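The values are calculated or read from the model by the stated rules, or taken from the named source; none is laboratory data. None of these values were measured; they are calculated from a predicted model. Here the Cβ is made from the backbone with ideal geometry for all residues, glycine too, and neighbour counts use every protein chain on show. Side chains are part of the model used for accessible areas, which takes the heavy atoms of the whole protein and leaves out ligands, DNA and RNA. Shrake-Rupley method; radii C 1.70, N 1.55, O 1.52, S 1.80 Å.
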Amino acid sequence: GGQISIYQKKNFIFSAKVLSVFRNHQTKLVRMSSFGSQTSVLAGLYKPKWHVAGEFGYDKSSITHLKHSDAMKENFPSISDGWFSPSGGHFYYGVQGSKTIHQSFEISIIVGSTNAQFKDKNPLLPIYCQIGLNYTF
C-alpha cells in the first residue's frame, strides 16, 4: 500500500492511505484466509521532533476462504469449505503521536476504537493500542 499527502500548510498535513491486507487465522475447527483492503485519512501536526495526528479509516475483508477440520465436518456434515464474500468490515478512529529522543530513538503510540460495519456486533474489546520504539543507526 501507500500513503500520499493531499494538503499541507506549514506543519499541518492531511493525507490518505490505502493498503492491501492478507489475514490468516487458524483454530482446531477452521482455517480462515482473507484478502481485503484498508483505507484511511490522517490529519495532524508534524514537527521535526514530534507529531500528533488523528486517523479515521475503514478495514474490509473482501473475500475469505474457509477450510474446516475433520472434527468440524463430523459434527456439522452440511458445512462447506470454499470462498465466501463479503466477509465484513469495520470503521476505526484514533489518535497517534511520536517523539524523537536524542538522534537515534523515537517512541510512538497509537490508540483508538473500532465500530463494526452495518449492525454486526463489535469485538469484545473494541479498542486498540500500539506502542513502538524505533532505533536508527
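Residues that are loosely packed, with under 13 Cβ neighbours inside 10 Å, at pLDDT below 90 and more than 20 Å from residue 39 (Cα to Cα) do not occur anywhere in region 69-82. When region 7-24 is limited to residues that are closer than 10 Å to residue 41 by Cα and touching a residue at least 24 places away in the same chain (Cβ under 8 Å), the one that is least open to solvent (accessible area, probe 1.4 Å) turns out to be 15.
Within region 87-95, does at least one residue satisfy the condition of being within 25 Å of residue 117 (Cβ to Cβ), open to solvent by less than 40 Å² (accessible area, probe 1.4 Å), in a strand (DSSP E or B) and among the aromatic types (Phe, Trp, Tyr)? Yes; the residues of region 87-95 include at least one that is within 25 Å of residue 117 (Cβ to Cβ), open to solvent by less than 40 Å² (accessible area, probe 1.4 Å), in a strand (DSSP E or B) and among the aromatic types (Phe, Trp, Tyr). Answer yes or no: is there a residue in region 62-82 that is within 30 Å of residue 131 (Cα to Cα), touching a Gly at 6+ places or on another chain (Cβ under 8 Å), of a type outside the set (A, V, I, L, M) and in contact (Cβ under 8 Å) with a residue 12 or more places away in the chain. Looking through region 62-82, at least one residue is within 30 Å of residue 131 (Cα to Cα), touching a Gly at 6+ places or on another chain (Cβ under 8 Å), of a type outside the set (A, V, I, L, M) and in contact (Cβ under 8 Å) with a residue 12 or more places away in the chain. Within region 101-130, if we keep just the residues that are open to solvent by 70 Å² or more (accessible area, probe 1.4 Å) and aromatic (Phe, Trp, Tyr), the residue that is nearest to the chain's Cα centre (by Cα) turns out to be 118.
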